[in-house]
1. Calculate the spin-label point distance for Ala2 paired with Ala47, positioning each point 7 Å from the Cα along the beta-carbon direction, and give it in nanometres.
2. If I compute solvent accessible area with a 1.4 Å probe over the protein chains, what percent of it on the chain is carbon and sulfur?
3. Accessible area per residue, 1.4 Å probe, Å², for the chain: what's the number?
4. Distance between the C-alpha centers of region 17-39 and region 51-73? Whole Å please.
5. For P(r) over Cα pairs in 5 Å bins from 0, in percent, the choices are (1) 3, 13, 28, 26, 17, 9, 3, 1; (2) 3, 18, 31, 27, 15, 5, 1, 0; (3) 3, 15, 24, 23, 16, 8, 5, 4, 2, 0; which was calculated from the structure?
Amino acid sequence: MAQTLKVLVYGATGSQAGPIAPKLLAAGHQPFVVTRDAERAQALKDAGAEVVVADMGDAAALRAASEGMDAIALM
């Protein structure tokens, strides 16, 4: 049985990293998408992704978001 990975995805609401979360979901993994604006990630949330509201300038928030992740995608 394949392992389900928890993957923190930066830039998931943008054009470059946008395809990552849907591909992770299709493969049976759990994406956690980092965004400053939860509304921009609503479609990803509706598809099954977890939304993490954080700013790239907030090191403490990013460290907290990274805890417990199996992988990180940063484009």
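The values are calculated or read from the model by the stated rules, or taken from the named source; none is laboratory data. What you see is a predicted model; the values in this text were computed from it and never measured. Ideal geometry is used to build each Cβ from the backbone, glycine not excepted, and the neighbour counts take in all protein chains shown. Ligands, DNA and RNA are excluded from the accessible area calculation, which covers all protein heavy atoms including side chains. Shrake-Rupley method; radii C 1.70, N 1.55, O 1.52, S 1.80 Å.
1. 1.6 nm
2. On the chain, the fraction of accessible area on carbon and sulfur atoms equals 52 percent.
3. About 62 Å² of surface per residue is accessible.
4. Cα centroid to Cα centroid, the span is 13 Å.
5. Correct label, based on the coordinates given: (2).
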